[in-house]
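Engineer: If you scroll down you'll find the structure; I have some questions about it.
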């Protein structure tokens, strides 16, 4: 029995180490590629071009969350999964995707009116095709994620990024402005979905039976609500700036967010590639979970703070060197986002712990309250300029880390 336990422990350690290695490689390469493609695109396009796509990002991510409806996390945390579970999620995602696209297609003129930009109508109808395409790969992505097949996900994402980046640069060079960014996003989603189908050792069947969703609905519904609020929280700036400020200010923020996210996503990708399935696997052994969580937290802090604060300190040099002086307005925003960005992986790890303990309800209410506080503070600060709005957000975000710590403390002393 002792040998069997040691074997299982070693197996989990190997899976975790393997996942962190490929997660780090994946996100490291992806961020380098994003940096290269982003530099070329930023030199060929204007802040207003990025602002046009940035104003639509909140609708895209919310629709994507609805299409997935939290079933990926539900499948990962389910002890035993069958073909019928994945098949039900597959057909649900496709049906939801088409319904949402029809709704948003019809709502595109209203979105354009909200931002006072008539040209957003055709752009929105084109860009929103992305979550229809991603819906076809939701179940396959969940299958790869649950089985810790990080290497296969890495190959899929990097290959898709290279192809989509080349398409985006070619279109930008030929004068397609913001259409090049939208097409780059669509090509990336399409290629990723195709590769997930190729690598997953699972194929859907035509027998459509959604009854297996009932056993996952309680858990997944709370994840859905949480994801929607999380996406709104992260895109709150784009909404408010798009409504009350010039399009170029949305572009400056969008570029600052992308550069700060390069460091943040590198760390998040490494941690998220293993944290949820590993913590869920040892959820019944509190001491083991505590030990694994502590190691993940130490690793996260050791990487996050030097990387994010380093990017913030070099913000002026990075922007002037790579993006040219037309993006100078990005510099103060990037510095502020790097401060809060250092805490994002820590917050994320606390959230992953709550989900692994089956407390998606605490995760949900924590995100909802945080979103409401952010919205109130940003609206109050909006008359005082973009930089002051962002300072308010950073202070609130860092303070709220204490709330997540308190929730996690209830489960792992």
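Engineer: Can you name the number of the only condition in (1) modelled with pLDDT of 85 or more; (2) within 18 Å of the chain's Cα centre (by Cα); (3) buried (at least 20 other Cβ atoms within 10 Å of the Cβ) that residue 223 fails?
Structural biologist: (1)
Engineer: Within segment 166-213, track down each residue that is more than 26 Å from the chain's Cα centre (by Cα), under 18 Å from residue 87 (Cα atoms) and either in a helix (DSSP H, G or I) or touching a residue at least 60 places away in the same chain (Cβ under 8 Å) (or both).
Structural biologist: Within segment 166-213, 205, 207, 208, 209, 210, 211, 212 meet the criteria.
Engineer: Would you mind finding the one in 283, 302 that is more than 25 Å from residue 152 (Cα to Cα) and modelled with pLDDT of 85 or more?
Structural biologist: 302
Engineer: So which residues in segment 382-406 are in contact with a helix residue (DSSP H, G or I) (Cβ under 7 Å, 6 or more places away or on another chain) and at pLDDT below 85?
Structural biologist: Passing the criteria: 382, 386.
Engineer: Another one. In segment 115-125, what residues are in a helix (DSSP H, G or I) and surrounded by fewer than 14 Cβ atoms within 10 Å (Cβ to Cβ)?
Structural biologist: The answer is 122, and nothing else.
Engineer: Keeping to segment 76-93, report how many residues are surrounded by fewer than 23 Cβ atoms within 10 Å (Cβ to Cβ) and either at pLDDT 85 or above or under 16 Å from residue 203 (Cβ atoms) (or both).
Structural biologist: Looking only at that region, the number is 8.
Engineer: Another question about this same structure. If you take just the helices (runs of 4 or more DSSP H) that sit entirely in segment 310-357, which of them hold at least 3 residues that are more than 30 Å from residue 290 (Cβ to Cβ)?
Structural biologist: Where helices (runs of 4 or more DSSP H) fall fully within segment 310-357 and carry at least 3 residues being more than 30 Å from residue 290 (Cβ to Cβ), they are 315-318, 331-341.
Engineer: Tally the residues that are closer than 22 Å to residue 331 by Cβ, crowded, with 19+ Cβ neighbours inside 10 Å and without any contact (Cβ under 8 Å) to a residue 60 or more places away in the chain, restricting the search to segment 393-413.
Structural biologist: The number of residues fulfilling the criteria is 1.
Engineer: Identify, by number, the condition in (1) modelled with pLDDT of 85 or more; (2) touching a helix residue (DSSP H, G or I) at 6+ places or on another chain (Cβ under 8 Å); (3) over 30 Å from residue 219 (Cβ atoms) that residue 378 doesn't meet.
Structural biologist: (1)
Engineer: Can you tell me which residues in segment 162-181 are more than 29 Å from residue 103 (Cα to Cα) and crowded, with 22+ Cβ neighbours inside 10 Å?
Structural biologist: 172
Engineer: Going through segment 232-254 one residue at a time, which ones are over 18 Å from residue 376 (Cβ atoms) and either surrounded by fewer than 24 Cβ atoms within 10 Å (Cβ to Cβ) or within 15 Å of the chain's Cα centre (by Cα) (or both)?
Structural biologist: Correct list: 245, 246, 247, 248, 249, 254.
Engineer: Just need a number here: residues in segment 145-165 that are modelled with pLDDT under 85 and part of a helix (DSSP H, G or I).
Structural biologist: 7
The values are calculated or read from the model by the stated rules, or taken from the named source; none is laboratory data. Note that the coordinates shown come from a computational prediction; the quantities given were computed from them, not determined experimentally. Positions of Cβ are backbone-derived with ideal geometry, glycine not excepted, and every protein chain shown enters the neighbour counts.
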